[in-house]
Amino acid sequence: MHSSNSVGGNEEIKDLLIAIAYNNDQSAYRTLFIQLHGKLKQFSFSIVRSEEEAEDIVSELFILIIQRKEQLCQLESPLYYFYTTVRNMSLNLLKKQKRRAGLSMDEWQVQLNSIYFRPDLLMITEDMVLKIKMAINSLPNRCRLIFKLIKEDGLKYREVAELLSISVKTVEAQMAIAMRRMAQSMPVDLQPKPVLEKKIKK
């Protein structure tokens, strides 16, 4: 089973949505905005390639959250709903403008800003963090996008597969490539150790 413990996960988002819907909690709305705005804007930007248009799309989403706050509380995965909505709004904008209508997922460009690049959290040198960052950001666009959506943005493997219209097996394969590339940039003593099967005595 694949899951994520990242900040802004579904349970936390549900709690914030309930506070917004039933208590009109402005503090909860601000927290939700702070947690999701940057990630969703970057996701939209990877498609529309415009800071202004990505900002407009995410702003529309947050207006939608206020308008549908009661219904959103019932969603099993509001995070997946937000990403799907931003994807659809971004692609619809391109279609409406007749601009890059054929843009494929392999052309969606993202950069990572996650815990993987925080030397104070990883307890490794800044030079090593730079090598890891270069390794991940040198991945093909699709592979890097999948890695970001799962490891940084907190979506599940199945949700990423549905969001990008690919199979779960493809997501797993791309994640394996990303993790292997990242491991290769680490010192030998920090690389994941292979699990050796114990020999069973006959």
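The values are calculated or read from the model by the stated rules, or taken from the named source; none is laboratory data. Fair warning: this is a prediction, and the values are worked out from it, not measured in the lab. Cβ atoms come from the backbone with ideal geometry, glycine included; neighbour counts cover every protein chain shown.
For this structure, a couple of remarks:
- Count of segment 33-48 residues which are free of Cβ contacts under 8 Å to residues at least 60 places away in the same chain and touching a Lys or Arg at 6+ places or on another chain (Cβ under 9 Å): 2
- Counting only helices (runs of 4 or more DSSP H) that sit completely within segment 49-97, those holding 3 or more residues that are surrounded by fewer than 17 Cβ atoms within 10 Å (Cβ to Cβ) and assigned by TED's automatic domain parsing to the domain that holds I20 correspond to 51-67, 78-97.
- If you filter segment 167-178 down to residues that are aliphatic (A, V, I, L, M) and touching a residue at least 24 places away in the same chain (Cβ under 8 Å), you find that the one that is farthest from K133 (Cα to Cα) is V171.
- Summed over segment 70-82, the residues that are in contact (Cβ under 8 Å) with a residue 12 or more places away in the chain and either over 21 Å from G154 (Cα atoms) or touching a Pro at 6+ places or on another chain (Cβ under 8 Å) (or both) give a count of 2.
- Filtered by the rule that a residue be under 8 Å from the mean Cα position of the chain (by Cα) and within 15 Å of A176 (Cα to Cα), segment 150-166 gives I150, K151.
- Subset of segment 116-125 [at pLDDT 55 or above and surrounded by fewer than 13 Cβ atoms within 10 Å (Cβ to Cβ)]: M123, T125
- Subset tally (residues that are under 14 Å from N10 (Cβ atoms), among the charged types (D, E, K, R) and buried (at least 18 other Cβ atoms within 10 Å of the Cβ)) for segment 133-162: 3
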